[in-house]
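This report concerns only the one structure given below.
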Amino acid sequence: MPASTAWAARLAEGGEEGTESIVRCGSPLATTTTSPMPPPPHRGGGGGRDTSAFFAATLVLWAVSVGFEIGARGRRELAPVAAGFAFFQAASAAVRAAVSRDPLFVNTAVSLLHSSLTSASVIFVLVNRWHNKDLKNMFEHEELFGGSWVGAYSALCFSCGYFAYDQLDMLRYRLYSGRIPGILMHHLILLICFTLALYRNVTINYLILTLVCELHSVFLHIRKLRRMAGFRDYNRKIVKLEWVLNWTTFVSARVACHILITYKLIIDAHKFDSGIELPLALFGMAGMNLLNIFLGLDLLKAYTLERNQQTHQD
């Protein structure tokens, strides 16, 4: 089951004096230093031109596919994908015009907006389902696999549009590094998996549950922007509260949620038809749980580093 915010580990660290930290979430980011504002975005290394060409080509093919489904096949229910892409492009332009032209800052701010909107959407979908039908049968296989809660399909479409925007933004400003950038590969896999699920209208509710982790992504992005703006005093109450919320949502909205989804997939494995859905779901959740371990270690490292830096300053 692909989840929306793999690569959250790229946003967890803070970085020492004169060092960079590669972190980001959920949708996922780049580098910071201890200066109030970050340096220009990290450029892809050798082979970056070929890499960007590949990912740009796949993004174009994805856009053509979605456009064909909406225009030629009349799949109007997919319109929120295009709406999501346009919305986050407009948000990016607004941040760039009103706040900062730094590509990394703009990308992080828009990612925070996405995490906030997605978290609110997921909470609305779940509360609305609980309010209308109680918890009865809410997590039964038939409902998670073949059903679609009110608002779930549109919320998934909107997030899909965000991933397309984010992929384009990182390609445009080269907010990635490495010969095979993990963040670009992550977004490509998400676009493929989410879009196939939307085309076939299966596992919609499962995918909505994976987006619960965006609640934790909110605090990762807040921390990123806070440090970019130069607010690094660990002794401030607001910073301590931020860390409490960061750890609380990491455990509840990310780790526990993904473990429960994995457990549900395993115990309901016999209910899946022979096909790609179950192997893809188990593979995706195994990857997410592994990434959560790395993210937890990165968070612990960042927390310890930030606290120790404050101790030395005192």
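Worth pointing out:
- So residue 276, is it modelled with pLDDT of 95 or more and surrounded by fewer than 17 Cβ atoms within 10 Å (Cβ to Cβ): no
- Test: residue in region 172-191 that is over 14 Å from the mean Cα position of the chain (by Cα) and at positive phi: yes
Table: residues versus (1) under 21 Å from residue 184 (Cβ atoms); (2) of a type in the set (Phe, Trp, Tyr); (3) assigned to a helix (DSSP H, G or I).
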| residue | (1), (2), (3) |
| --- | --- |
| 61 | yes, no, yes |
| 68 | no, yes, yes |
| 89 | yes, no, yes |
| 93 | no, no, yes |
| 106 | yes, no, yes |
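- Residues satisfying the stated conditions in region 212-265, i.e. under 15 Å from the mean Cα position of the chain (by Cα) and among the β-branched types (Val, Ile, Thr): 212, 218, 222, 249, 255
- Counted residues, region 88-125 - those being touching a helix residue (DSSP H, G or I) at 6+ places or on another chain (Cβ under 7 Å) and under 25 Å from residue 209 (Cβ atoms): 13
- Being surrounded by 16 or more Cβ atoms within 10 Å (Cβ to Cβ) and closer than 29 Å to residue 179 by Cα holds for only one residue in 56, 63, and it is 63.
- Put simply, of 60, 110 the only residue that is within 24 Å of residue 219 (Cβ to Cβ) and modelled with pLDDT of 55 or more is 110.
- Residue 150 vs. criteria aliphatic (A, V, I, L, M) and either in a helix (DSSP H, G or I) or under 21 Å from the mean Cα position of the chain (by Cα) (or both): no
The values are calculated or read from the model by the stated rules, or taken from the named source; none is laboratory data. Remember, predicted model here, so these are calculated numbers, not experimental data. Every residue, glycine as well, gets a Cβ built from its backbone with ideal geometry; the counts of neighbours run over all protein chains shown.
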